[in-house]
Amino acid sequence: MELSDAYIQSFIQPRNELLLEMEAYAEENHVPIMQLAGIDALNQLLRIQNPQKILEIGTAIGYSAIRMAEALPNVHIVTIERDIERVTKAKAYIERSTVSDRIKVIEGDALEVEDKAIDTEFDAVFIDAAKGQYQRFFEKYAPLVKSGGVLYIDNMYMHGLSDLDLKDVPRRKRTMIRNLKNFTEWIMQHPDYTSAFLPVGDGLLLCLKR
C-alpha cells in the first residue's frame with residue numbers, strides 16, 4: 001500500500017523561520033538534508049531514547065543537528081563535516097539558532113579525525129554522509145557508542161536505487177550502491193547489534209548496540 005504525499009505531509013510538524021530558510025537554501029543549492037518525514041521520525045525515536053550525547057557524521061549545513069537539538073533540550077551534539085563551505089554555512093545557521101551552545105562542529109574528514117578530537121562516549125550516532133563509506137564510518141565510531149546505545153543511519157533506500165539490481169543502477173553510482181548493499185548485509189548479521197530498517201523518509205536503519 002502506498003500513501004499519498006498529501007497524507008504523509010499532514011503529519012509533518014511545523015518548523016520555525018530559520019528551518020524553513022535552511023530548507024529553501026538546501027533545495028536551491030542542491031544540499032542533501034533529511035526528508036521531513038525522516039527527520040520527524042528520527043526525532044521521535046530520539047525522544048524515546050533520550051540520549052544526552054549524539055555524534056553526527058555529516059553536518060552539511062547543520063539542519064539535522066539543529067532539529068535534533070531542538071527536539072531534545074538536554075542533548076549535546078558533536079557533528080563532523082569535511083566540506084569547508086558547508087562548515088561555514090552550518091556554523092552561521094547554528095549561531096542563529098537557539099541551540100548553538102549545545103552543538104559543536106568539527107571540520108574534517110570523519111574517517112581521518114583523530115579520536116582525541118572527540119574523546120568521549122555517545123548514547124547515539126547519526127550517520128548521514130558518504131553512502132559508499134557507511135561501513136567504514138560504522139567501524140570507526142561504533143566503539144564510541146555505549147552498550148544500549150543506538151546508531152541511526154539515513155538514506156538506506158537511496159531514492160530507490162538500493163532496491164534495484166546492480167546492473168540497473170546508473171554506472172556512476174554502482175560502487176556506492178554496491179558498498180551500501182554490502183554494508184546492509186554485514187550489519188544485519190552482526191552479532192553485537194540488533195538492527196531494523198524503517199521505511200520512512202529515504203530509509204532509516206536503526207542499530208541497537210548490545
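The values are calculated or read from the model by the stated rules, or taken from the named source; none is laboratory data. Remember, it's a predicted structure, so these values are computed and weren't measured experimentally. Quick reminder, even Gly has a Cβ in these numbers, built from the backbone with ideal geometry, and neighbours come from all protein chains shown. Side chains included, ligands, DNA and RNA excluded: accessible areas come from the protein's heavy atoms. Shrake-Rupley method; radii C 1.70, N 1.55, O 1.52, S 1.80 Å.
Report yes if Gly108 is out of contact with any His (no Cβ under 8 Å at 6 or more places or on another chain), modelled with pLDDT of 95 or more and at positive phi, otherwise no. In short, yes.
Residue pairs whose Cβ atoms lie under 6 Å apart, separated by 6 or more positions or on different chains, with the first residue in the stretch 55-68 and within 8 Å of Ile80 (Cβ to Cβ) and the second among the acidic types (Asp, Glu) and surrounded by 24 or more Cβ atoms within 10 Å (Cβ to Cβ), are Gly58/Asp128; Thr59/Glu81.
What pairs come out if I take residues in the stretch 88-114 that are in contact (Cβ under 8 Å) with a residue 24 or more places away in the chain and within 14 Å of Pro73 (Cβ to Cβ) and pair them with residues that are open to solvent by 30 Å² or more (accessible area, probe 1.4 Å) and part of a strand (DSSP E or B) whose C-beta lies under 8 Å away, six or more apart or interchain? That search, which allows pairs on different chains as well, returns Arg102/His76; Ile103/His76. Applying the condition of being open to solvent by 30 Å² or more (accessible area, probe 1.4 Å) and part of a loop (DSSP other than H, G, I, E, B) to the stretch 35-55 and asking which residue is nearest to Asp123 (Cα to Cα) yields Gln52. For Arg67, are the conditions met, namely being within 17 Å of the chain's Cα centre (by Cα), among the charged types (D, E, K, R) and modelled with pLDDT of 95 or more? Answer is yes for this residue. Residues in the stretch 95-110 that are of a type in the set (A, V, I, L, M) and either open to solvent by 40 Å² or more (accessible area, probe 1.4 Å) or part of a strand (DSSP E or B) (or both): Ile103, Val105, Ile106. When Val169 is tested against the conditions (1) without any contact (Cβ under 8 Å) to a residue 40 or more places away in the chain; (2) exposed (fewer than 13 other Cβ atoms within 10 Å of the Cβ), the lone failure is (2).
In the set (1) touching a strand residue (DSSP E or B) at 6+ places or on another chain (Cβ under 9 Å); (2) not in a loop (DSSP other than H, G, I, E, B), Arg86 fails one condition alone, (1).
Can you confirm whether the stretch 132-147 contains a residue that is touching a Leu at 6+ places or on another chain (Cβ under 7 Å) and of a type in the set (Gly, Ala, Ser)? Taking every residue of the stretch 132-147 in turn, at least one turns out to be touching a Leu at 6+ places or on another chain (Cβ under 7 Å) and of a type in the set (Gly, Ala, Ser).
Condition check ((1) outside any helix (DSSP H, G or I); (2) open to solvent by less than 20 Å² (accessible area, probe 1.4 Å)) across all residues:
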site	(1), (2)
Phe138	no, yes
Tyr141	no, yes
Gly149	yes, yes
Met156	yes, yes
Thr184	no, no
Thr194	yes, no
Phe197	yes, no
Leu206	yes, no
